[in-house]
1. Only Cα pairs under 8 Å and at least 6 apart count here; give the relative contact order of chain B as a rounded whole percent.
2. If the label for A:PRO354 sits 7 angstrom from Cα along the Cα-to-Cβ line, what are its distances to the same label in every other copy, in nm to one decimal, shortest first?
3. Along the charge dipole of segment A:104-231, Cβ charges K/R +1 and D/E -1, which of A:LEU227, A:GLY123, A:ILE113 sits furthest on the positive end?
4. From the label point of A:GLY304, set 7 Å from Cα along Cα→Cβ, how far away are the matching label points in the other copies, in nm, ordered shortest to longest?
5. What is the antiparallel percent of DSSP beta bridges lying wholly in segment A:2-167, to the nearest 5?
6. According to a simple spin-label model (label point 7 Å from Cα along Cα-to-Cβ), what is the distance in nm between A:ALA397 and B:SER350?
7. For chain A, set up a GNM with springs between Cα atoms under 10 Å and report which of A:GLY68, A:GLY143, A:GLY314 has the largest fluctuation.
8. Which residues in segment A:112-141 place their backbone N less than 16 Å from a point set 7 Å from the Cα of A:GLU100 along the Cα-to-Cβ direction?
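We did not get these values from a lab; they are worked out from the coordinates using the rules stated. Everything quoted here is computed from the prediction, not taken from an experiment. Counting neighbours? That spans all protein chains shown, and the Cβs are built from the backbone with ideal geometry, glycine included.
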Protein chains: 2
Amino acid sequence: MKVELLSTGTELLRGKNVDTNAAWLARQLGKAGLEVCHHQTVDDHFGRLVDSLKLAASRSDLLIMTGGLGPTEDDYTRAAAEEAFHRPLVYKASIWKAIETRFRKYKLKMASINKRQAWIPKGAALLPNPNGTAPGFLFRQDGVVFAALPGPPREMQPMFRDHVLPRIRTRADFAVWECFSYGLPEGTVDEIVNGIVGKRATYGLTVRIGQVNISIRAEGARRKQVLADLSRRVRIALGPCYMDAELHEVVVRELIARKTTLAVAESCTGGLIAHRLTEVPGVSEVLLESVVTYSNASKVKRLGVDPALIGEHGAVSEPVARAMARGVARTSGAQIGVAVTGIAGPGGGSGRKPVGLCYMAVGDRVESKVFSGDRSNVKERAAGYALNMLRLRLIGAEGNAAAAGPARKTVGVRPRR
Amino acid sequence: MKVELLSTGTELLRGKNVDTNAAWLARQLGKAGLEVCHHQTVDDHFGRLVDSLKLAASRSDLLIMTGGLGPTEDDYTRAAAEEAFHRPLVYKASIWKAIETRFRKYKLKMASINKRQAWIPKGAALLPNPNGTAPGFLFRQDGVVFAALPGPPREMQPMFRDHVLPRIRTRADFAVWECFSYGLPEGTVDEIVNGIVGKRATYGLTVRIGQVNISIRAEGARRKQVLADLSRRVRIALGPCYMDAELHEVVVRELIARKTTLAVAESCTGGLIAHRLTEVPGVSEVLLESVVTYSNASKVKRLGVDPALIGEHGAVSEPVARAMARGVARTSGAQIGVAVTGIAGPGGGSGRKPVGLCYMAVGDRVESKVFSGDRSNVKERAAGYALNMLRLRLIGAEGNAAAAGPARKTVGVRPRR
């Protein structure tokens, strides 16, 4: 079964909005064993929309469209479906009633243009929208299933999950195993996984600053045994770089499991380490506090760093990083102190201390790296590096050079985009 | 001139990667006066790629493709261009030499498959790639310009800017004005802008949690006068909600301009306010420190909050928020203290204090809201709300109810996706 996604919206083609609907739908469809072969994005233009729908219907079996269900003149999905599939639109009083109720509930002024949303193609199944005014619809014609969903993700996602997925035939004869790796370059992970997987399964890698997501997919009757064997071997081969969840999730889970309390002192990462840790529910059990000591005065006052140390070595230095980690642990009463000090740029660099130079401290251990990229990148890389040092310490693999990974992005052969 | 984008890469259709290249290219093309009408994404499948290229060449004038230039077997861009445009590939010794030099420089093992990257369509202009091995190429055929660029953004972006843009005819008879608004619902901003712009120009809105980006585009000989008039009227109509840059950039700029020092105490936002502020270069002049006081003990110890206050009102309460803001200002010596305390969820809520309840304090002023959405969302909304309160105070519009905006996402009429 070939699946095609169609996003409509001029704003998607002006570069203002990144289309996250397509990626989300592709992931859900992938989990259901279906693979997307095409994705089209078309601006709000009736003729081009009709052409795109016809093209999609001619080459794909399942077509999922997002957007264009609003009440305004440039919301063309209903009309384009009518034209492309030769299905007249019919007025549904029940839709209009639901819209009226919704407007009353939220005490909003009703606009008569909303009445346009009460028309759907004849014979189509109505897909309820508890989070907005526009209902979706779905019909089957000449062997092609067509579903039209609203553009806003909070309306689209529950509608797809609750009303589209149950209506399409998914595959069950496959299994997927996922893990993460931190600190190894993508090329190295690719070599390792490729060597293990061979022709027994397929796999994909996704990279996000330092972290590689590995996804292995097996088919056939023996898929579970195959995945069990492959995953065991990948785990072993990755060693301490292996993670079963994202870096910050693993760190919080390991802290909670060990009942180990943490405090963080951030300079150049500016709160990013704390922000990432506090994305995980339950972190309040173990994270006592985090201090962003941007000024030297606050390093001295909040963390008890010796001003002479800053004077002698500079705020961006190994001794100051260590003193910050010790200081935040001592003053907060946490069992582990983590600290980062560095030069995020674009200014502030010098010959001896270039932009990107960062010192990461976990307890008494300090490592330094020069990270490439812009300010935002340096912050991301330094925060990830420090969190990974903390993870390695928690799992008893502290100082593992391989798992700490290279400081600069690896350059060279990129086997895949 | 109709522009079409084509992204290739199976990983883009598995939902693992979000395609940011298309949005970036659309933005650059828009700035050059060109509008994208179509965007196709195709998996790494030779036949489908050829079909997509043919389709694009039949309906568009400028076709920009990203990805598929790597050295592996499923990198099909070169071969698909050969097939679709009937242009034989030719071997360029100069490309191979550049690849060899690059590998030597980074002391990487050379793979012979990289030799595939030395083949490009006959007569095509070579687009140098200083950031990777794969060069791009560009040719014109039957009135269609076709450019093939590598997938990794750090290779693609400079190549497009330095070698594609100078080769395509851009438009200069248009002008764009951009601004931001914080705190007003999208629908209200739309009404305001629509009423002012009328038929004299076109405009687009983009929303990102609380912030609306407004972009107005005028054409014709009088475009500058038109934009000057429209922008003046939009500025006036938006009042204190008007911003000429993103919220955190405005806040840092206003702090620096007023030589006002800041300290932040975050509970439920967990470092996000500090993280956003420290994305702006130069913030170290004014941000003395930020404290993430996740535990009650640290609220007492770091900020001097009276434990009796926490006992009486709870950590999530107006008096504690105010005490945190006062405390962080006093203990850091900053002129303004900002504090947030709330329940980010998913746990920790109660009937009287539901998940999403947050107190934001700027100096002595405290406001409370119940924010909807998941943990990540509540953090984002609370951080944005507090930053906007700070901005309003800095520009002398403190307590402006309209500009503070609604707590819950507005529901109802969505004129556009």
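1. Values: 771 pairs, mean separation 45.5, N = 417.
Result for chain B is 11 percent.
2. Ordered by increasing distance: 5.3 nm.
3. A:ILE113
4. Ordered by distance, the counterparts are at 2.0 nm.
5. Numbers: 11 of 28 bridges.
If I count the DSSP bridges inside segment A:2-167, around 40 percent turn out antiparallel.
6. Simple spin-label model gives 4.3 nm for this pair.
7. Residue with maximal mean-square fluctuation among A:GLY68, A:GLY143, A:GLY314: A:GLY143.
8. Counting only backbone N, you get A:112-119.
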